[in-house]
Amino acid sequence: MSVRRGSVRRITVVGEEILSRPCREVTEFGTAELSTLIDDMFVTMYVAEGAGLAANQVGVDLRLFVYDCPDDDGIRHVGHIVNPVPDQPDPGSRRLVDDVEGCLSVPGAVMAVPRTDRAVVRGFDQDGNPLVVEGMGYFARCLQHESDHLAGHTYLDRLSKRDRKDALRQMEDRREEVFAQRALRAADLS
């Protein structure tokens, strides 16, 4: 994916209603609108220095996310998935790992979040071809995080009340700096 294609979109912030409701299924594949949305999501994710971005994070109520994320072995995974459905893990087949996680919609905050060490997501590419994306380690965390977004959840929903308050305090303290950095990177693209 080229950073030169696409336009930077505004990233929604926790508290906005679109982030707290399940997204709609994509029903039309192979359209110019879907292709443009994917390009815009990639460039927006790169400007914000993210590893993944869900459509509702750019204000679009559709089941779609993009990613450019390394796994624990440093192998880079780049792609998109439409209408993703996470496989339910077999009990005992995956380890739960507490690791730090951030979110472009919770700017400036990072917290430890428990996630399984392996994830499988099934869906489609933008042309409607079936896809299966499997991730281990950090990439598994990314797949689970973005799938949560499409179900109307942020990682804050997985935290205790105390940790959630801490994350929101971090965001309040750092969000203006994060927004200023994003604006500078966006300006560099023009």
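The values are calculated or read from the model by the stated rules, or taken from the named source; none is laboratory data. What you see is a predicted model, and the numbers here were worked out from it, not measured in a lab. Cβ coordinates were reconstructed from backbone atoms using ideal geometry, including for glycine residues, and neighbour counts include every protein chain displayed.
Values computed for the structure shown
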read-out: Pair list, Cβ under 6 Å, 6 or more apart: the stretch 153-165 residue of a type outside the set (Lys, Arg), other residue assigned to a helix (DSSP H, G or I) and surrounded by 13 or more Cβ atoms within 10 Å (Cβ to Cβ); value: Leu156/Arg164; Leu156/Ala167
read-out: In the stretch 147-157, the residues that are in a loop (DSSP other than H, G, I, E, B) and either crowded, with 20+ Cβ neighbours inside 10 Å or in contact with a Gly (Cβ under 7 Å, 6 or more places away or on another chain) (or both); value: Thr154
read-out: Residue within the stretch 85-94 that is surrounded by 20 or more Cβ atoms within 10 Å (Cβ to Cβ) and of a type in the set (A, V, I, L, M, F, W, C) present; value: no
read-out: Total residues in the stretch 94-118, condition part of a strand (DSSP E or B) and either at positive phi or modelled with pLDDT of 95 or more (or both); value: 6
read-out: Residue selected from the stretch 11-48 under the condition in a loop (DSSP other than H, G, I, E, B), out of contact with any Leu (no Cβ under 6 Å at 6 or more places or on another chain) and among the aliphatic types (A, V, I, L, M), by the criterion nearest to Gln181 (Cα to Cα); value: Val13
read-out: Residue among Gly108, Gly74, Gly128 that alone is touching a residue at least 40 places away in the same chain (Cβ under 8 Å), out of contact with any Pro (no Cβ under 7 Å at 6 or more places or on another chain) and over 30 Å from Arg169 (Cβ atoms); value: Gly128
read-out: Selection within the stretch 124-147 - within 12 Å of His80 (Cα to Cα) and among the acidic types (Asp, Glu); value: Asp125, Asp127, Glu146
read-out: Flag if Gln144 is of a type outside the set (A, V, I, L, M), part of a helix (DSSP H, G or I), under 18 Å from Gln57 (Cα atoms) and at pLDDT 95 or above; value: yes
